[in-house]
1. Excluding Pro256 itself, calculate the net charge of residues whose Cβ lies under 12 Å from the Cβ of Pro256, where each Lys or Arg counts +1 and each Asp or Glu counts -1.
2. Which residues does the label zone of Arg225 cover in segment 257-293, counting backbone N under 14 Å from a point 7 Å along Cα→Cβ?
3. So if each residue of separation counts as 0.36 nm, and I subtract the Cα-Cα distance between Tyr159 and Ser59, what length gain in nm does that give?
4. Between Ala52 and Gln233, take the C-beta separation as r, use R0 = 35 Å, and let me know the FRET efficiency to the nearest 0.05.
5. Estimate the FRET efficiency between Leu81 and Arg264 by the formula 1/(1 + (r/R0)^6), using the beta-carbon distance for r and 41 Å for R0, to the nearest 0.05.
6. Work out how much length Thr120 to Leu105 would gain on full extension: take 0.36 nm times their residue separation and subtract the Cα-Cα distance, in nm to one decimal.
Amino acid sequence: MAGTTQPQIGGSSGGNGGKVDDGDRKRSFKVLTYNLWIAPLVRWHPSENLEAICDFIRSTDPDLVCLQEVFDWRLGPLGFLCEKIFGGGTGWGPISWLFYFEGLLLPFFQTNHQARIISTLLPSLPYSLPSAPIPFARGHNQGLLVLSKHVLHRPLARYLPGVVVHTMGTQAFTLYPSQGEGRRKDAKEGIRFVNLHLVPNFETHPWKGRLLGWLGEKDVPRLQRQQLAAIGQEMRREGGEEGRWCAVGDFNVHGPEVLGVGSRVTEVTCPKEQHVLDHLVTALPYTYTVFPNVVLSDHYPVLATLEL
């Protein structure tokens, strides 16, 4: 998607900004999920969009932000020049593979998109959980990045079942949104969150589906069900019997279910293919807003308000 549109914010936003004070007991909790598609040399000028993206995030005053595809790459000399000349977006995907392998062989420069977002949103979101850069190892975790007003307890990064060259991951952590800092944490008040990016399928990404087939995964929907089952195990282990858990992110599937609970998001979140891919799945009651006029990525942001 070409071009950059300044966000026009609809709906209401609230909150105190910054860290949560002692004794602050919220009745609602705002979670923003957004696939930013910031991949050097692949998408259109991520450097020009970072400021606008951060402005939009601040305007919604979320308690928790779960981002996907905030990629940082190690670049070689040619990739570095392209990054500086074109601002990171060549507009031609295949050439990115040339720079990808160049970065493997001749690492020269490290992009810092995640660090820039983290520093820009301080102090309103003082706690963060970044992921490693690519292309080395599997630690890039699909560019997952978490920002929070609350301390992230028991953080855990895991990789989901999948083919080796197309690994998907999760970031799991526990928040205590109704308890102030410095207080003893009651396990019954904690909520286990998972920020995720699932494998694409044939329906949502035809060419990626064919690629996965060539790499040995013939039944991508089955792989997606395996990934959702793995997420459910994490929720069952950490979310307790009270159902205080929430899976959020780019599910790459319509109407996902975790532990028998389905997503309530039904509006288009990926406009190019008119798909509903970005979801919030939880047993907790919530309302949500999709922002179709915020055109800073190939996905729309989704803001959900949990009722605690």
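1. On the way: positive: Arg225, Arg264; negative: Asp250, Glu257, Asp278.
My count for the surroundings of Pro256 gives -1.
2. 257-260
3. On the way: separation 100, 0.36 × 100 = 36.00 nm, distance 3.22 nm.
Contour length minus Cα-Cα distance gives 32.8 nm.
4. Working: r = 38 Å, r/R0 = 1.08.
Efficiency, from the Cβ-Cβ distance: 0.40.
5. Values: r = 46 Å, r/R0 = 1.13.
According to the calculation, E is roughly 0.35.
6. Numbers: separation 15, 0.36 × 15 = 5.40 nm, distance 3.18 nm.
Length gained, Thr120 through Leu105: 2.2 nm.
No value in this document is a laboratory result; all are computed from the given coordinates. Note that the structure is a prediction, hence the values are computed from the model and not measured. Reconstructed Cβ throughout: ideal geometry from the backbone, glycine too, with neighbour counts over all protein chains shown.
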